[in-house]
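What follows is calculated from the coordinates using simple rules that are stated; it is not laboratory data. Since we're looking at a predicted model, the values are computed, not measured. Here Cβ is always computed from backbone atoms with ideal geometry, including for glycine, and neighbour counts include all displayed protein chains.
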C-alpha cells in the first residue's frame, strides 16, 4: 500500500513534467494527460482510504551534521479523508475544466498547472513532518501563482498572482520560524514523534499558525483571496475554495498536539473575527465570484474558530473523563462538507459565467433559472447546503461547530450564529439576483447550458453536498476523524437546533424580502449609510496595505537606494578612486587601447613573475 | 588512456587554457570558435564525471582524484596539488556547468572581436576550474587572479553603459580585496610555521600546533575583510551591481555565478578548519553586517531598482548575505548550507543574467518601466525567467531552497533574533523577484515596447539561448530534487571540522 501512496504523489508530477516538456503546443493532449492523472489519483485515493491500512514510511532526503530532512508519508485517517476530498473534488474540477477551458490558447499551461497543484497538495496531505509540509506548502503557493495569473496579459491577473504569493510568504515567515524553533526545541519535526513527546510552548503553535493565516486567508492576511478570483473559475473552485485554502486548517489539525490554551484562544478569535468580517464584506459584492470568495473566507473562519475552540470532556470506555479533540473533528467535518458545496457553488458560477459569455456582475444577470435549469437546481442545492438547511451537508457540520462554541465559549457562539444569519442573507441575495426575476442584460437573456463536461461535475458535487453531512454513511475507515465530531445531546441539542432554524429563517427571509430583482443593490438604495460603511470596512485592509507599500516601504527603499548611490557609490568610493587615479596616470602610458596589447602584457607579466619565483631569472 | 584518467583535473584546467594560448598565438577564427565548444565541454564532462564517480574514487587525506605536479616552487612550500573533497566537488561542478553555459552563450553571441572575447573567457574558465581543484593554497589564489584579470578587461572592452567607470571600480575593489586576502593567506603561512601552502599538510600541522586565539582572530579578520570585499559583504558591495550591470553577459555569468564564490569557498574550505576560534571571534559582527546590511538594506535597495540587470546584481549581493550568515552560524549545518547556496545561487544568477540579456535582445532596453507583456510574444522565455526567479527566491524543488533552509536552521542556534531578521528577507526577495517578472513579462505591453516590437518583431527563446539555459535549470532541479547528491560528500568533508577545532 505505501507504494500506492507514493504513486498518488508522483503521478501528477509526471503529468506536469510531461506537459511542460513535450505538450506545450498540444493543448488537447495535455488536457487528456492531466485528467487521466486526476482520475487515477481519485481512484487510488478512494481505494487507499477504503482498504483501511494505515502506515508511515519515510526516507532521508538530506543530512548535514545532525540536521536531517526526510521525505515521508503519514497515512492515517485524517490524511485518508483529506486525500479523498482532494482526489474526488479535484477530479470533478479537472473534468469541468475540459469544457470550461476548451477555447483557451494556453490550455497546456493551465492543465500543467493543475497537475502541479495536485502534486503539491497531495504532498501536504501525506507529509509526515513539518519540513516536508513546508516544502509542499510553498509549492501549492507557486501553483496558485501560476494559475491565478493564467490570463497574464491582464494587469489585474498579474497583480493578483503576485499579491497572493507575497501574502502567503508573509505568513510563511512565521511558519518557517515556527518549524525551525520546533525542530530545536523538540529535536524533531516528525508529526508522530511530536505527538508522543514535545515541550510546552505557546510561541511554537502561534508561529506555525501564521502559516495557516496566510494559506487559509485569515485576518489580517485575507486580502489576497478575493483578488485571486482573477484566475479561471475552476481554479477558484479547486484551489481557492475547496482544497488549498483549507490546507491551513488541515495543517492545524496535523499539529493539534502542540496546541496550548493561550494559542488556541488566539486561533479561535482569529477565525471568529474572520468569519464575521468576510460575511459582512460579502453583502456588498456584485461580482458572483467575489461573493463566493468572501463566503469562502467566512467559512474558513468557521473552521479555524472550530479548531480554536479546542476540546470537550468526554467519558472514555473505562468511565474516566478525558479530553476529546472536538475542534479537530468539527473543523475537518466542516472542511469536508464545505469542499463539496463550495466547489459546487464555484463550478455553478463558472457554468453561469460560461453561459453568460463571461459576464460576472450579478446585477446584469437574472432569470437564469429558466435558461439554465440544471445549473439552477444544483446551485440551489449548494446554496441550501451552505446556509444550513436541515438535512443537507452544511447543516450538520455547522451545527457541530455551533455546539462546540456553545459548550466552550458563548461569545464565539453568538458571533458565529450571527454570521450564519449573514451567510443566509448574502447567499439568498446572490441566488435571487442570479437566477430569479427577468434577464437584465443581453448575455443573460441568451444564456445557455454548457456541455456534459460542464454539467456532470455539478450533478456529482450536488449529490455530495446532500450526502456528505451524514456521518453514518462514511465507511468506518475515517473513524479516527469522525468520532471526534462533537454531538449535542438533550437540552443543548434543542437549543442548537432552534438557533440554527431561527438563524436560517431570519437570514433567508431578510434576504428574500430585501433584495428586489433590479439593476441596483437594494441595500445600497435603502440604507446607503450602512452599505457605505460595509464597503469601507471591506476596503480598509487594502487601503492600509497599499498605503504601507507605496508610501512607506517603497519610499524607504528609494531613500536607501538614494543614500547608497550618493554616499557609498559616490563620495566615499570616488575619494578612493582619486587616489588610485594618480597611479592610473602612470599606467595610462601603457594604456594603448589595443586589446591584444593587454593580453600580451598580462602573459608577459605571468611569465616574468614565474621566472622570479622559481629563481630562473635573477635581478 | 591512464594518462588521461590520472590527470583528469589537470586536463579540466589545461584544456581551456591551451586553447586560449593557441588563440593568442594566432589560431584562425573559424577554428577558434569550433574548438571552443570542445574546450568548454571538456571541463563540464570532467566535472560531471568526477561528481558521478566521487563515491567510488579512492580518497587520500579526504581528497579524491589527488595528483601532484612538480613546479619548481617546492622550496617555498608550493606545489601544484590537485584534488577534490566534498566541499570543492560541488563548486568544481558549478564551475564546469556555468562555464559551459556561459561559453556556449558567448560562442553564439556574435560579440565583436569574438576570438579575443572567447580567449579571455577560456582563461577565466581555466582559472575557475583551477581554483576549486587546487589543494595548494598558493595555486588556489593564483588561479583566482588568473580568472579575475580577464573579467576587468571584458567589462572594460565589451561592457555596456558606464563600462569605464565600472571596470575601474571593479578593478580597484577586487584588487584590494584580493590583496588583503593574500596578506591573510601569507600571514597564515608565516604564523603557522609549517612552511607549506599545501592545505592538507597545513591542516595536519595546525591540528597538532593550533594557533593562539588572538593570532587566529587577526588572520580571520584579514581574510573576512579581503574575501568579504570579493563576495560583496555590505558595505563593500557597491562594485557588484555596477560591475554586473556593465559586464557582458557571459562575463557576468562566470563572475557572479562562479568566481565570486572564491571568497566564500576560501572561508569554508580554509578558514573554518584552520582558524575556527578566529571565525568565532568575528561571528557576531559578521552576522549583523550580513543580516542588516546585505539582507535587509540591500534587499530593500533591490526593490527600488528600475534596471533589470542592476536588480539582478543587487539581489545577488543580498543572497551573499545568507551565505555569510551560514558561515557565522558555524558547525556543520551552517557551512553545509553555504556550499549548497553557493552552488544554487551560482546557477540561478548565471541563468538570470543570461535571460536578462535575452530580454534585452527583444526589448532593446534594461529599463523595466519600458517593458511589459513580453510573455505574450515570448512565452518560453517568460517560463524560463519565472523559473529562474522562483529558484533565486528559494522555492522548494530548486537547489537554492536547501541552502537557505540549512542556513536558517543553523542560524537559529546562533541567534533567533538574527534568524527572524534573515527570514524576513525571504519576503523581500519574493517582492522584488515577482515584481520584476511581472513588470517585464506580464500585463499589457508598454508604448515603448510596442514601438520596439514593431521595428524588430520579437521571437521566442532561440536554441542557442535555450540550451545553456536548460543546462543551468536542469542542475538546479537535480540538486533541488536530490540534495543528497551534494550533501553526502559535503557532510563527510565538513565532519572533521570540530576535531581540528579541539585543542
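Each principal axis of the Cα cloud of segment A:151-289 was evaluated for its coordinate range; sorted largest first, these ranges are 49, 30, 21 Å.
The smallest convex shape that holds all Cα atoms of segment A:250-318, its convex hull, gives 104 Å³ per residue.
Counting Cβ atoms of other protein chains within 10 Å of each Cβ in A:556-565 and taking the mean gives 6. Using the beta-carbon distance between residue A:542 and residue A:76 and R0 = 41 Å, what value does 1/(1 + (r/R0)^6) give for FRET efficiency, to the nearest 0.05? With R0 = 41 Å, the Cβ-Cβ based efficiency is 0.55.
Is the C-alpha gyration tensor of segment A:378-493 telling us rounded, prolate or oblate? Criteria: a/c under 1.5 is rounded; beyond that, a/b larger than b/c is prolate, otherwise oblate. Taking the square roots of the gyration eigenvalues as a ≥ b ≥ c, segment A:378-493 is oblate.
Looking at the protein assembly as shown, the DSSP beta bridges with both ends there are about 100 percent antiparallel. Ranked by the mean number of other Cβ atoms within 10 Å per residue, highest first, peptides A:331-339, B:407-415, B:199-207, B:86-94 order as A:331-339, B:86-94, B:407-415, B:199-207.
Computed over the protein assembly as shown, the P(r) tail beyond 53 angstrom holds 25 percent of alpha carbon pairs. In chain B, Cα pairs under 8 Å separated by at least six residues give a relative contact order of 16 percent.
Semi-axes of the equivalent ellipsoid of segment A:273-365 are 38, 14, 6 Å, computed as sqrt(5λ) over the eigenvalues of the C-alpha gyration tensor in descending order. Reducing segment A:212-286 and segment B:281-344 to their Cα centroids gives an inter-centroid distance of 33 Å.
Against the longest alpha carbon principal axis of chain A, how many degrees, from 0 to 90 and to the nearest 10, is the axis of helix A:393-408 turned? That helix lies at roughly 80 degrees to the long axis. Residues within the reach of a label modelled at residue A:556 (point 7 angstrom out along Cα to beta-carbon, backbone nitrogen below 19 Å), restricted to segment A:217-234, are A:220-221. Mean partner shielding of peptide B:429-436, defined as the number of other chain Cβ atoms within 10 Å of each residue Cβ, is 5. Distance between the 7 Å Cα→Cβ label points at residue A:184 and residue B:365: 4.7 nm.
For segment B:277-347, the spread of Cα coordinates along the three principal axes comes to 42, 25, 14 Å, biggest extent given first. In segment B:271-422, Rg over Rh equals 1.05, where Rg is the alpha-carbon radius of gyration and Rh the Kirkwood radius from pairwise Cα distances. When restricted to Cα atoms, segment A:327-441 yields an Rg and a Dmax of 15.9, 49 Å, respectively.
For segment A:212-301, a/c is not less than 1.5, where a ≥ b ≥ c are the root eigenvalues of the C-alpha gyration tensor, and a/b does not top b/c. That puts it in the oblate class. Computed from Cα positions, the angle between helix B:213-230 and the longest principal axis of chain B comes to roughly 20 degrees.
Take the Cα of residue A:192, step 7 Å toward its Cβ, do the same at residue A:265, and the gap between the two points is 3.5 nm. Between the Cα long axis of helix A:107-126 and the first principal axis of chain A there is an angle of about 80°, rounded to the nearest 10. Ranked by the mean number of other Cβ atoms within 10 Å per residue, highest first, peptides A:154-164, A:421-431, A:308-318 order as A:421-431, A:154-164, A:308-318. For segment B:102-166, the C-alpha radius of gyration sits at 1.22 times the compact-globule guess of 2.2 N^0.38 Å, with N the residue count. Using only alpha carbons, segment B:161-310 has a radius of gyration to Kirkwood radius ratio (Rg to Rh) of 1.03. This ranking places A:434, B:214 by how few other beta-carbon atoms lie within 10 Å of each, fewest first, which gives B:214, A:434. Here, chain A yields an orientationally averaged convex hull projection of 38.1 nm² when only Cα atoms define the hull.
For chain A, the relative contact order works out to 12 percent when only alpha carbon pairs closer than 8 Å and six or more residues apart are counted.
Gyration tensor analysis over the Cα atoms of segment A:52-195 returns equivalent ellipsoid semi-axes of 32, 20, 11 Å (largest first, whole Å). Legend: calculated FRET efficiency, residue A:456 to residue A:506, from the Cβ-Cβ distance at R0 = 35 Å, rounded to 0.05, equals 0.45.
Taking only the C-alpha atoms of chain B, Rg followed by Dmax gives 21.5, 71 Å. Coordinate range of the alpha-carbon atoms in segment B:1-87 per principal axis, descending: 44, 36, 26 Å. Over the residues of the protein assembly as shown, the helix contribution to mean residue ellipticity at 222 nm works out to -23500 deg cm²/dmol, using -39500 (n - 2.57) for each DSSP H run of at least 4. Checking the a/c ratio against 1.5 first, then a/b against b/c, what shape does the Cα gyration tensor give for segment A:181-224? Prolate shape, in that a/c is at least 1.5 and a/b is the bigger ratio.
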